[in-house]
Amino acid sequence: MKHKISVQLYTLREQCAADFPGTLRKLAEIGYSGIQFAGYHGHEPASLKAVIEETGLRVSGLHVGESELLNDWERLIAEARLFGTPDIVCAGIGADNRNEAGYRSVKRRFNEVASRLQDEGLRVSYHNHAFEFDTTVDGKDGLSFLIEAAPDNLILAEPDVYWLKKGGRDPVAFLAPYADRAPILHMKDMTDDEEQTYAEVGTGTIDFEAIIRWGEASGVEWYVVEQDSCKSDPLECVKTSYANLSKLMDKIG
């Protein structure tokens with residue numbers, strides 16, 4: 001199970017900007033099996049692939065913007081092939097589309113791209129925040145509309161369990177309809193205080209044991225640690241998250 005633990009590099013954006021190769025090597029030393037890209041900080045993808053091969057890391061998807069997915073998907077196909085990942089994940093939609101008409105348009109256009117990428121052996125997923133719950137489309141919240149578990153919907157889910165809880169949902173209950181439609185889960189904890197902000201996995205209020213048990217029964221391929229902001233050194237934060245996830249996975253067996 002621990003071979004499925006990855007980290008979203010947005011968490012380490014400052015470290016990657018300063019020394020991307022060195023940061024990747026440190027993550028491998030911590031024990032991470034995978035990394036998930038959120039940009040390359042001026043590096044050529046081929047040069048980063050060389051470091052990934054050196055360290056034995058794998059790539060658990062490419063996080064991209066809405067416009068990139070819709071308008072630059074041919075480049076994304078090439079990069080996904082380079083890194084050996086089938087997953088291209090939209091990191092969120094812009095404010096202009098956070099309304100009923102916008103969600104309908106995004107779903108249609110994402111499915112068009114997903115159909116093209118499917119022919120290349122690639123998958124399109126959507127990473128949620130909490131704003132999707134503010135809009136209703138066809139009697140569903142915006143997120144449920146986008147990632148609807150229907151045969152004609154090619155948009156898979158990359159559920160972020162922190163944002164599910166921040167949006168007032170119980171993570172495991174929300175995940176239930178998406179067995180075999182959520183190849184990647186984003187793992188971040190929530191502080192047990194009035195602020196309810198980001199925390200290292202295993203230090204807050206989210207029940208990760210229940211989430212992992214659901215994931216293991218439901219086709220999850222990667223558990224990706226993410227922490228949008230850290231109150232201490234981000235490398236120490238992701239080290240703590242890795243250690244706590246590992247202990248939990250040992251317990252689950």
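The values are calculated or read from the model by the stated rules, or taken from the named source; none is laboratory data. None of the values given here were measured: they were computed from a predicted structure. Positions of Cβ are generated from backbone atoms using ideal geometry, with glycine treated the same way; all protein chains shown enter the neighbour counts. All accessible areas refer to the heavy atoms of the entire protein, side chains included, with ligands and DNA or RNA removed. Shrake-Rupley method; radii C 1.70, N 1.55, O 1.52, S 1.80 Å.
Assorted remarks:
- Looking only at residues in the range 208-253 that are more than 18 Å from the chain's Cα centre (by Cα) and in a loop (DSSP other than H, G, I, E, B), the one that is modelled with the lowest pLDDT is GLY253.
- Members of the range 48-75 found to be open to solvent by less than 60 Å² (accessible area, probe 1.4 Å), touching a residue at least 24 places away in the same chain (Cβ under 8 Å) and assigned to a helix (DSSP H, G or I), listed by number: LEU48, VAL51, ILE52, THR55, GLU66, LEU69, LEU70, TRP73
One line per residue, one yes/no per condition, for (1) closer than 23 Å to TYR126 by Cβ; (2) of a type outside the set (A, V, I, L, M):
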site	(1), (2)
LEU143	yes, no
ALA150	yes, no
ASP170	yes, yes
ILE184	yes, no
MET190	yes, no
THR205	no, yes
SER218	yes, yes
VAL238	no, no
LEU248	no, no
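- Just one of the listed residues (ASP192, ASP180) is closer than 30 Å to SER246 by Cβ, open to solvent by 50 Å² or more (accessible area, probe 1.4 Å) and within 18 Å of the chain's Cα centre (by Cα), and it is ASP180.
- Residue that is farthest from LEU146 (Cα to Cα), among those in the range 33-47 that are part of a loop (DSSP other than H, G, I, E, B) and touching a strand residue (DSSP E or B) at 6+ places or on another chain (Cβ under 9 Å): SER33
- Scope the range 76-96; condition of a type in the set (Gly, Ala, Ser), assigned to a loop (DSSP other than H, G, I, E, B) and surrounded by 12 or more Cβ atoms within 10 Å (Cβ to Cβ); matching residues: ALA91, GLY92
- Inside the range 115-147, residues that are touching a residue at least 12 places away in the same chain (Cβ under 8 Å) and in a loop (DSSP other than H, G, I, E, B) make up a count of 8.
- Matching option when the condition is surrounded by fewer than 18 Cβ atoms within 10 Å (Cβ to Cβ) and of a type in the set (Asp, Glu), among GLU100, GLU158, GLU132, GLU148: GLU100
- Count of the range 4-42 residues which are open to solvent by 20 Å² or more (accessible area, probe 1.4 Å), under 20 Å from VAL89 (Cβ atoms) and not aromatic (Phe, Trp, Tyr): 6
- Any hit, the range 202-224, residues being aliphatic (A, V, I, L, M), in contact with a His (Cβ under 7 Å, 6 or more places away or on another chain) and crowded, with 19+ Cβ neighbours inside 10 Å: yes
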